[in-house]
Amino acid sequence: MDYIVGIDIGTTSTKALLYDLNGKIYAKANIGYHLYQDLPDMAEEDPDDIFNATLSAIQEVVTKAKRTDGKVIAISWSAQQHSLIALDENYKPLTRTITWADNRAEKYAREYKENGKGMFVYQHTGLPIHPMGPFYKLLWLQAEHPEICEKTAYWVGIKEYIIWRYTNVLAEETSMAAATGLLNMRSVDWDDEVLKLVNVKRSQLPDLVETTHAIVGIRSEYAKVMGIPDDVKVVMGATDGALSTIGVGALETGTLAINIGTSAAVRSFVDKPIVDPKARLYCYPIMNGKYLVGGPINSGGIVFNWAHDAMFTGVQETAKMLKSSSYNLLTEIAKTVPAGSAGLLFHPYLGGERAPLWDANARGSFFGLNRNHTRAHMVRAVLEGIVFNLYMTTLALTEVTGDPKDILVAGGFVQSSLGRQIMADVYEHEITIPDSYESGCLAAMYLAKMSLGLESDLTNIVNYIGKEKKYEPNEENFAAYRALIPIFIRLSRELATEYQSIADFQRHFPTLYK
Ligand code: ADP
């Protein structure tokens, strides 16, 4: 039997899974690393830490699985999008990896939004106007760190760097290249007009290849450490966004793949490039006439975590006594009040927001508080606010994909019955929870099978996904949500004019962060 490692370089950790060719999982590993946030708006990681995590994770799954009946024939990659590393001519990093969460290019994204150039970049590349994008990070580095840019021979992302460390080949596949904001989404080639804006030459960028492209062979010292043959195929794979959409089986236009984990996202495949007139959605070419359109959302479960920590101190002890999880306890408390939280609205923008607002300065708020509201209303409003914001992004998406056919929802938020019910009721649609464990790694494994010629297209991925569960909306809750959602949306427009002033205040009074 042959084996494939599907590996996902996430923001907080790298996960690796060892599969056989039928998709059976033999071992899993998860290795974390540090996110450097010591300056305001900074979010960097050490590329060496991540390389070591990938090496250890692969070694761990190979050791744990103890397969003696065959060998690992491919390693296939999923990774976080929008990271940027400057390399010198000897491929040594001149920077750490600057992650998607780094907001130091905010000023440059804002300038580009105001002078219209950001729309030009969006229309060419599908990258929304936001500091997460390597295009905006390049503007910032050129303006504020020219000494780094002068020495930079190559600009890469973390996946390209890691694959280079293993193979000595500097290559970038379509989906990750698209997420840089430097790739023309129609020609699927680096965009010379856009490159000029950031003073980057084609020779400074990796060679473009397809997601199923394989590099044969890795450096033998690493092969030895991991316990795999050095003629293993390294399959390029794709972005975590693309692969987690494929990995839940959302392959058709109008089949929405929604994830509500720590952050959230709504995505769908379309068959041609689209541009949203308001630039609320990204659009990236992925493979053979498949484009991923969607919105990444900061305000997912992390906002529920805040409510849990800030408003319910002591809940963990109670949960322990009741032998329950403290998050389940909170959802039980939230269930005691009706849908709509008696007119209490919550805007979940605790960490700025990407889709649908694209405003790094956005901040959260409760609206509509009156003396009858209790903590139960507040926690329910938090859960509802997370879903209203997701729904607002979905409205932008369905303007281009048409009404949703299927809504597939994954992530920690829908592990609770209340989370699932709020989703179904706000969307007024049946929701499907796919039983797809680690969908990014699963789809990476599947791309390796395509690369090996064992699958011809994406269709059969559905055979690797377990049973789905379906949940129906409850009509009794529609009225409250139908009335509240327009207020939620109007309010976000009203508040938008003040986000910058309150965010500036918070930056100038940093003791608030203590
Ligand atoms: P990640 O994106 O890190 O993989 P997960 O998919 O594991 O995240 O989801 C984690 C999130 O799930 C947490 O931020 C938490 O707020 C949320 N969560 C955990 N338990 C519950 C629950 N019972 N109901 C709703 N949300 C929950």
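The values are calculated or read from the model by the stated rules, or taken from the named source; none is laboratory data. Note that the structure is predicted; figures quoted are calculated from it, not measured. Every residue, glycine among them, receives a Cβ derived from its backbone with ideal geometry; neighbour counts consider all protein chains shown.
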Residues satisfying the stated conditions in the stretch 111-125, i.e. crowded, with 19+ Cβ neighbours inside 10 Å and under 22 Å from the mean Cα position of the chain (by Cα)
Gly118, Val121, Tyr122, His124, Thr125
Of (1) outside any helix (DSSP H, G or I); (2) over 22 Å from the mean Cα position of the chain (by Cα); (3) of a type outside the set (Asp, Glu), His130 fails just (2)
Being outside any loop (DSSP other than H, G, I, E, B), away from the ligand (no atom under 16 Å from the Cβ) and in contact with a Pro (Cβ under 9 Å, 6 or more places away or on another chain) is the filter; apply it to the stretch 259-282 and report the residue that is nearest to Gly295 (Cα to Cα).
Tyr282
Return the pairs, sorted by first residue and then second, in which the second residue is among the acidic types (Asp, Glu) and surrounded by fewer than 16 Cβ atoms within 10 Å (Cβ to Cβ), the first residue lies in the stretch 188-216 and is closer than 23 Å to Glu455 by Cα and assigned by TED's automatic domain parsing to the domain that holds Asp231, the beta carbons are less than 9 Å apart, and the residues are 6+ apart or on different chains.
Leu208/Asp189; Val216/Asp231
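Return yes or no: is Ser244 of a type in the set (S, T, N, Q), more than 16 Å from the ligand (Cβ to nearest atom), under 23 Å from Ala424 (Cβ atoms) and not in a loop (DSSP other than H, G, I, E, B)? Give the derivation first.
Details: of a type in the set (S, T, N, Q): yes; more than 16 Å from the ligand (Cβ to nearest atom): no; under 23 Å from Ala424 (Cβ atoms): yes; not in a loop (DSSP other than H, G, I, E, B): yes.
Here the answer is no, as Ser244 does not meet what is asked.
Here are some residues: Thr167, Thr212, Thr152, Thr180. Which one is of a type in the set (Ser, Thr, Tyr) and crowded, with 24+ Cβ neighbours inside 10 Å?
Step by step, each of Thr167, Thr212, Thr152, Thr180 is checked, and only Thr180 is of a type in the set (Ser, Thr, Tyr) and crowded, with 24+ Cβ neighbours inside 10 Å.
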Looking at the stretch 103-124 only, could you name the residues that are touching a helix residue (DSSP H, G or I) at 6+ places or on another chain (Cβ under 7 Å) and under 26 Å from Glu45 (Cα atoms)?
Arg104, Ala105, Tyr108, Ala109
